[in-house]
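Have a look at the structure below before the remarks.
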Amino acid sequence: MPAPRGALLRVLGVGFGVAVAVGGGVGVGILRTPGAIAGMLQQPGLIVLAWVVGGGYALLQANNLAELAAALPRSGGPYVFARRALGGYGGFVVGWADWLSLVVATAYLPLALGEFTARLVPALAGREPVVAIATLALLLALQLRGVRTGSRVQEGIAVLKGLALGAFVLLCVAATPASQGGAAAGGAAGGAGGGAAGLVTFAGALQLVIGAYGGWYAAAFFGEEQRDPGRDIPRALVTSVLLMLALYVTVNLAYLRVLPMAEFSGSTLPAASAMQRLMGGSADQMVTALSILLMIGIVNALVMIAPRALFALARDGLFLRQATTVTRGGTPVGASIATVTIAVALALSGTFERLFALTAFLIIFVDAANNVSLLVLRRREPSLPRPYRALGAPATTVLAFLVALAMLVGFTASDPRTAGVAIALIACTYPVYRIVARPPAERPGA
């Protein structure tokens, strides 16, 4: 006998949209990557500029995505917009690229959480996969209780994240500033420099920065679950980026205040280095605990976001029918179980590490597809109701597309093997699409 089916519930608001983006985007990247970025740029002004420019890129993309999400308020994210603008196959390519990047992250990040947990509780050393699977199972169980439960958990985690990072910044502000004399001078001489080489170095740092901003787009996956999507989604997208920008800049200013440039640029975990100066011997445990908190927020967000992408594909006949099942609490149960099961398989097999290198390419590819979708819909469907219109479009949309395209070219030049694999995977989607696509009469609810 088939399980009882429900429907996605229109119960979410701006607060959830911000929480799922900030809670799912602000992670260990802000604790780890600033040291590598400082090592590349060396100069405080350039370091701060890189984080501001990265936030500007995210804001540019959020401006365009907000129009699409408000005009087409269906759950599923970029797939929904690409299908409307680019047709069935175009939507399929974007949808699968988007879901693949999400499910790989859902496999990789719980293992990282397991590693942090083992550092905090040495008895768990060697059991990192067990911790990862237990975390996924627990968060999946929370989601299956209903979208209201999942949203409350995410909102609570986001608040705790903000308070923890805010406390870290305040501790750094209260500390005695580090002397930057000799290190700063050396950095100025050996940093990014000028000319073409300096631009290449800055672009490399910017790639890391943009990766740290990942997750700002989360609210766009919950279109038909927002109480007022035309208003709530644009506000959530823009607010999320602005909050992340403010948070990332202030955290980097805190690092620069506490750590000499030589130590900052040479640290693989500048948060630990800063806490060591502030708190002494307990620093490692405190940073590890903070890392665990940040990771839980990201994984919980992924367990909510990734199934929506798969649910949308299945609803249009591009995945198994079972993935369209929704609980009475509004959780896409079939898509959630399928996503977590595949993530667990990737985590156990270890093959996810090869796939993880593809995520940066796939994410930027999806950004570019969003820009194209907006341009196509503006021209082809000028009368489509648009509760929010992207500021400065189409000029800002073209600019966003060109920036994304330049990043794809740069990624291909710096890592042609991974880019080649990504391009091959995208090319292989056509025969797969021909196999899995079902006639409209055979789709769920037809």
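The values are calculated or read from the model by the stated rules, or taken from the named source; none is laboratory data. Treat the numbers as computed from the prediction; the structure is a model and nothing was measured. No Cβ is skipped: glycine too gets one built from the backbone with ideal geometry, and neighbour counts run over all protein chains shown.
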Listed by first then second residue, the pairs whose first member lies in the stretch 329-344 and is in contact (Cβ under 8 Å) with a residue 12 or more places away in the chain and surrounded by fewer than 24 Cβ atoms within 10 Å (Cβ to Cβ), whose partner is in a helix (DSSP H, G or I) and among the small types (Gly, Ala, Ser), with beta carbons under 6 Å and at least 6 positions apart or on separate chains, are Gly334/Ala323; Ala338/Ala323
Within the stretch 332-360, the residues that are outside any helix (DSSP H, G or I) and modelled with pLDDT under 90 are Gly350, Thr351, Ala357, Leu358
Expected output for the stretch 208-229 (first residue assigned to a loop (DSSP other than H, G, I, E, B), partner charged (D, E, K, R), Cβ below 7 Å, 6+ apart or cross-chain) is Arg227/Arg10
If we scan the stretch 92-101, do we find a residue that is within 29 Å of Val340 (Cα to Cα), assigned to a helix (DSSP H, G or I), over 18 Å from the mean Cα position of the chain (by Cα) and modelled with pLDDT of 90 or more?
yes
Restricted to the stretch 160-178 and to residues being exposed (fewer than 14 other Cβ atoms within 10 Å of the Cβ) and at pLDDT 80 or above, the residue farthest from Phe264 (Cα to Cα) is Leu163
Filter the stretch 88-132 for residues that are of a type in the set (S, T, N, Q) and under 30 Å from Phe311 (Cα atoms); the one that is surrounded by the fewest Cβ atoms within 10 Å (Cβ to Cβ) is Ser101
Pairs returned, first residue in the stretch 261-285 that is of a type in the set (S, T, N, Q), second residue that is buried (at least 20 other Cβ atoms within 10 Å of the Cβ) and at pLDDT below 80, beta-carbon separation under 8 angstrom, 6 or more apart or interchain, are Ser265/Gly187; Ser273/Ser267
Reported set for the stretch 244-260 where residues are surrounded by fewer than 19 Cβ atoms within 10 Å (Cβ to Cβ), hydrophobic (A, V, I, L, M, F, W, C) and in contact (Cβ under 8 Å) with a residue 40 or more places away in the chain is Val249, Leu253
Being of a type in the set (A, V, I, L, M), assigned to a helix (DSSP H, G or I) and farther than 28 Å from Ala283 by Cα narrows Val48, Val53, Val22 down to just Val53
Going through the stretch 213-239 in order, the residues found to be modelled with pLDDT under 90, crowded, with 23+ Cβ neighbours inside 10 Å and within 14 Å of the chain's Cα centre (by Cα) are Tyr213, Gly215, Trp216, Tyr217, Ala218, Ala219
Among helices (runs of 4 or more DSSP H) completely within the stretch 361-446, the ones holding 2 or more residues that are exposed (fewer than 15 other Cβ atoms within 10 Å of the Cβ) and modelled with pLDDT of 90 or more are 395-414
Only one of Ala203, Ala254 is at pLDDT 80 or above, part of a helix (DSSP H, G or I) and of a type in the set (Gly, Ala, Ser), namely Ala254
Does Ala283 count as modelled with pLDDT of 80 or more, surrounded by fewer than 24 Cβ atoms within 10 Å (Cβ to Cβ) and either in contact with an Asp or Glu (Cβ under 6 Å, 6 or more places away or on another chain) or part of a helix (DSSP H, G or I) (or both)? no
